[in-house]
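*Asks:* This is the structure I want to talk about, given as structure tokens.
Taken together, the values in this text are just the output of simple stated rules run on the coordinates, not laboratory data. Predicted model only: the values in this text are computed from it and were never measured. Neighbour counts are summed over all protein chains in view; Cβ atoms, including those assigned to glycine, are modelled from backbone coordinates with ideal geometry.
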Amino acid sequence: MKSTISALMDGELGAGELHEPLSALGADSEARETWRTYHLISDALRALHQQLVAVALRHRRHPPPPGLRGRPGCYAYVPQTLTL
């Protein structure tokens with residue numbers, strides 16, 4: 001059921017596939033807990049993504065002094081693998 005709930009959240013189910021997971025969410029407390037947990041994870045990932053983009057944009061506008069570039073702990077540290 002967890003994979004079906006995940007597919008429901010991701011909009012991957014067709015109209016004919018909605019009845020089972022929606023019924024489970026209405027009747028099964030474990031399914032509802034899975035739904036809540038997946039939404040918390042999704043919200044956390046979205047917030048992290050927004051923070052990384054904000055740091056990358058700030059870094060692009062105001063790069064750190066040469067001696068601090070690319071060092072963890074720098075006020076505008078962005079991993080070298082992060083690209084926009």
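*Asks:* Can you list the HN-Hα couplings for the range 43-53, worked out from phi with the Karplus curve (6.51, -1.76, 1.60; θ = phi - 60°), rounded to whole Hz and with x for Gly and Pro?
*Replies:* 4, 5, 5, 5, 5, 4, 4, 4, 5, 5, 5
*Asks:* Can I ask one more? List residues of the range 1-24, by number, whose backbone nitrogen lies under 20 Å from a label position 7 Å along Cα→C-beta of His39.
*Replies:* From the range 1-24, the list is 1-13, 18-24.
*Asks:* Still on this structure, please answer the following. In the neighborhood of Leu8, defined by Cβ-to-Cβ distances under 12 Å, what is the net charge if each Lys or Arg adds +1 and each Asp or Glu adds -1?
*Replies:* It works out to a net charge of -3.
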